[in-house]
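Nothing in this text is a laboratory measurement; each read-out follows from the coordinates by a stated rule. This structure is a prediction, so every number in the text was calculated from the model and none was measured. For neighbour counting, all protein chains shown are included, and Cβ atoms are generated from backbone atoms with ideal geometry for every residue, glycine included.
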Amino acid sequence: MNTDPSIHASLFSTIVLSGGTMNFHGLGKRLEKELQNLVKDMCTVKVIEPSGDGRWTVWVGASKMASSPEFPKMSLTKDQYDEIGPDKAAFKVFF
């Protein structure tokens, strides 16, 4: 794992299935069980399966983000992206 070890427990406790993965019956329980076996007692794994038709959760989330007044601050033009490159672009968008 390449993330800061201090946030591993938080990441493993908030795994959310969305999109096409919602179509695989039993995937959430299986993923939770297999990940728990990998991390042992380091932390508790929790896989969240949203109710309803999860195929659209990613689209709904992106739609809400794009409608936010903060969205222009998070977005880049193609020229800006080309100028700063993908690594710095990801940092600007998410931080």
Computed from every Cα-Cα pair in region 1-51, P(r) in 5 Å bins starting at 0 and rounded to whole percents is 4, 21, 29, 23, 14, 8, 1
For Leu38 and Thr77, what is the calculated FRET efficiency with R₀ set at 30 Å and r taken between the beta-carbons, to the nearest 0.05?
-> 0.15
Eligible lysines near Lys29 by straight Cα distance, threshold 29 Å, same-chain separation 8 or greater = Lys40, Lys46, Lys64
Separation between the Ala89 and Thr57 pseudo-spin-labels, each 7 Å from Cα along Cα→Cβ, expressed in nm?
-> 2.7
Gain on full stretching of the segment that runs from Glu70 to Asp4 - 0.36 nm per residue minus C-alpha separation | 21.0 nm
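Relative contact order (percent) for the chain, with alpha-carbon contacts under 8 angstrom and 6 or more residues of separation?
Relative CO of the chain lands at 29 percent.
Given only helices, namely DSSP H runs of n ≥ 4 each adding -39500 (n - 2.57), what is the per-residue ellipticity at 222 nm of the chain, to the nearest 500 deg cm²/dmol?
Rounded to the nearest 500, the figure is -15500 deg cm²/dmol.
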